[in-house]
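Read through the structure below, which is laid out as structure tokens, and then see the notes.
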Amino acid sequence: MLRTTTTGPAGIARYICRAESADFSLEVAYDGGSPSPGNANPVETRVTVRGMHRANAHAPISPWVESWVREFGNIEMPTGAWNGIKLAEVLRGRAFLGLARNLSEVAIGSGVTLWEVQTGNTAIYSVIHSMDGDLLIVFNGYYGFAHPRRLGNIAAFNLLGQEVWRVQLPSDGDIFANPPEYLGGKLKSASWEGWTCTINDQSGQILAREFTK
């Protein structure tokens, strides 16, 4: 996964994240002005998604060539710093996006949306796949996150967009503040109150908590 930050015209920040397989690249580019007050989106945003294939399918080091492009306009995006943002995933010859509050699959050949599901009431901050490649693990932004059954902002979906599990809150009144990642083969995420939790990536159960703040 590539993550870059550049400065465009008039000081507008441009953030790019990209997921790649051997022959396909899925890129999300986000252009935005200065943040609005509170939890609002940065003003004058533009989100562009590109699908790219190798110029020579038989040469794995040949350059990428744009196959299709989609403009999403000023959609809801995570606010604040983009550290850890991961909005694209390429898995088993399929392409997945986490844009606004929705996880979706797009056709590799055309970019057409094949299915879409809302994952929470805040914008998606990160999408990764489980170690076995069977699940997409989604992290929704913690600021303002709420769930009707008081569950957490990390959830796993199968490759058809069906929710398989959703993690419990790390403790009463706490919430996960960092995108989950695999460390030493174990799925971990840190909470707002300073607990680093180890999560079973097949069930969503919190296996261990360590105070690290």
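What the table below lists for this structure:
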| item | result |
| --- | --- |
| Residue tally, condition within 19 Å of the chain's Cα centre (by Cα) and of a type in the set (Lys, Arg), over segment 137-171 | 1 |
| Residue ID - surrounded by the most Cβ atoms within 10 Å (Cβ to Cβ), chosen from residues in segment 51-74 that are aliphatic (A, V, I, L, M) and modelled with pLDDT of 95 or more | 52 |
| Selection within segment 182-200 - under 20 Å from residue 87 (Cβ atoms) and either buried (at least 17 other Cβ atoms within 10 Å of the Cβ) or touching a residue at least 60 places away in the same chain (Cβ under 8 Å) (or both) | 187, 189 |
| Selected residue [more than 18 Å from the chain's Cα centre (by Cα) and under 28 Å from residue 76 (Cα atoms)] from 201, 174 | 174 |
| Qualifying residue in segment 141-153 (condition: part of a loop (DSSP other than H, G, I, E, B) and in contact with an Asp or Glu (Cβ under 6 Å, 6 or more places away or on another chain)) | no |
| Odd one out for residue 47, checked against (1) surrounded by 15 or more Cβ atoms within 10 Å (Cβ to Cβ); (2) at pLDDT below 85; (3) closer than 20 Å to residue 121 by Cα; (4) not acidic (Asp, Glu) | (2) |
| Any chance residue 94 is surrounded by fewer than 18 Cβ atoms within 10 Å (Cβ to Cβ) and without any contact (Cβ under 8 Å) to a residue 24 or more places away in the chain | no |
| Which numbered condition residue 164 fails, given (1) in a strand (DSSP E or B); (2) within 21 Å of residue 85 (Cβ to Cβ) | (2) |
| Members of segment 106-130 that are closer than 20 Å to residue 141 by Cα, in a strand (DSSP E or B) and either over 9 Å from the mean Cα position of the chain (by Cα) or of a type in the set (Lys, Arg) (or both) | 116, 117, 118, 129 |
| Odd one out for residue 38 among (1) assigned to a loop (DSSP other than H, G, I, E, B); (2) modelled with pLDDT of 80 or more | (2) |
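Residue-wise test of (1) touching a helix residue (DSSP H, G or I) at 6+ places or on another chain (Cβ under 7 Å); (2) surrounded by 15 or more Cβ atoms within 10 Å (Cβ to Cβ); (3) in contact (Cβ under 8 Å) with a residue 40 or more places away in the chain.
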position: 111; (1), (2), (3): no, yes, yes
position: 115; (1), (2), (3): no, no, yes
position: 130; (1), (2), (3): no, yes, yes
position: 133; (1), (2), (3): no, no, yes
position: 137; (1), (2), (3): no, yes, yes
position: 142; (1), (2), (3): no, yes, yes
position: 150; (1), (2), (3): no, no, no
position: 153; (1), (2), (3): no, yes, no
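The values are calculated or read from the model by the stated rules, or taken from the named source; none is laboratory data. These numbers come from a predicted model, not from an experiment. All Cβ positions, glycine included, derive from the backbone under ideal geometry; neighbour counts span all protein chains shown.
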